[in-house]
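What follows draws every value from the coordinates through simple rules; no lab data is involved. Keep in mind that this is a model prediction, so the values were computed, not measured. All Cβ positions, glycine included, derive from the backbone under ideal geometry; neighbour counts span all protein chains shown.
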Amino acid sequence: MAAERRPIEVAPARDVPLNAAERRASLNVNKTAGRMETLMTDRPPAPDASLLDDLVAANRVLYAKGIVDGLGHISVRHDKDPSMYLLAAERAPALVTRDDIAVYDLDSNPLTLKERRGYIERYIHGEIYKARPDVMSVIHCHTPSLVTFCVCQVPLKPLYHMSGFLGAGVGRFEARETFGMTDMLISSPAMGRELAKSLGKRAVVLMRGHGATMAGASIKHAVFRAIYAALNATMQMDAMRLGDVTYLSDEEATKATATNDKVVDRSWALWKAEAAGEI
Ligand SMILES: [Zn+2]
């Protein structure tokens with residue numbers, strides 16, 4: 001359940017002059033009220049409540065599944081305006097509530113919760129939404145099994161039907177090529193654009209020395225891809241230690257993806273209940 005915002009308290013009118021402490025308190029109240037007024041008059045459309053709930057749930061699912069830890073994030077395109085997206089303001093994913101969800105434009109400027117600090121790497125989301133009209137949800141993570149594949153040339157390939165979405169290949173992003181020596185983070189629109197180019201039309205892009213980003217047609221599809229990309233990476237490392245590996249063919253991968261996309265609701269319901277502590 002999302003925490004209720006506390007209403008702004010305004011002192012009752014009175015005739016006697018305010019002392020210094022009261023004047024300062026009064027100014028603070030007026031500043032807060034003004035900020036609220038700005039938000040009220042220049043406010044993006046309210047997203048559907050169920051979309052917000054799913055985004056909050058997805059943050060918790062990704063933590064419960066070991067995809068994100070204190071860092072990493074998931075966004076969803078705004079259901080009322082495709083030129084906006086929803087992403088939590090800076091907070092560890094497992095702690096995100098409805099009140100932490102901000103609306104951003106596709107240049108990754110906050111349109112709500114402007115007083116909060118945003119994730120440094122929010123440009124990943126905005127630039128992928130710009131480049132890919134088909135994408136409705138984006139996840140960025142530093143999952144260990146995926147990072148292992150980021151730093152070697154072995155391709156991440158679909159080992160079984162659950163990861164058929166890898167059959168289209170995986171993008172690779174090398175920050176050094178365009179940006180030289182960096183702290184590895186996608187901290188500017190230009191870096192976000194290059195990352196979106198590396199993703200191309202694929203579901204996943206691996207980022208050397210950093211992590212991975214995945215895109216999907218909805219929150220649950222993106223979460224499904226994050227979970228099974230990470231599992232596939234772990235199993236592929238095991239299988240390669242055992243010997244030659246037979247991967248899904250392109251046709252098998254395409255057919256498996258089409259089937260999985262239709263039954264994702266079953267897994268999504270389970271993951272949400274699990275992350276909510278209901279089972
Ligand atoms: Zn990152």
Here the alpha-carbon Rg of segment 158-260 over 2.2 N^0.38 Å rounds to 1.16
For segment 256-266, Karplus-derived ³J(HN,Hα) couplings (6.51, -1.76, 1.60; θ = phi - 60°; whole Hz; x for glycine and proline) come out as 5, 4, 4, 5, 4, 4, 7, 10, 5, 4, 5
Sort SER83, SER187, SER50 so that the residue with the fewest other Cβ atoms within 10 Å of its own Cβ comes first and the one with the most comes last.
SER50, SER83, SER187
Whole-Hz ³J(HN,Hα) from phi, Karplus 6.51 cos²θ - 1.76 cosθ + 1.60, for segment 128-142, glycine and proline x
6, 4, 5, 7, 10, x, 7, 8, 10, 8, 10, 10, 10, 8, 10
Per 5 angstrom bin, beginning at 0 and ending with the bin that holds the maximum distance, the Cα pairs of the chain fall in percents of 1, 6, 11, 16, 17, 15, 11, 8, 5, 4, 3, 2, 1, 1, 1, 0, 0, 0
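Expressed as a rounded percentage, what relative contact order does segment 49-275 have, with Cα pairs under 8 Å and six or more residues apart?
Across segment 49-275, relative contact order equals 23 percent.
Would you mind counting up the charge near MET184? Only other residues with Cβ under 15 Å from its Cβ, with Lys and Arg at +1 and Asp and Glu at -1. Please report the intermediate quantities before stating the final value.
Values: positive: ARG172, ARG176, ARG208; negative: GLU121, GLU174, GLU177, ASP183, GLU194.
Taking every Cβ under 15 Å from that of MET184, the sum is -2.
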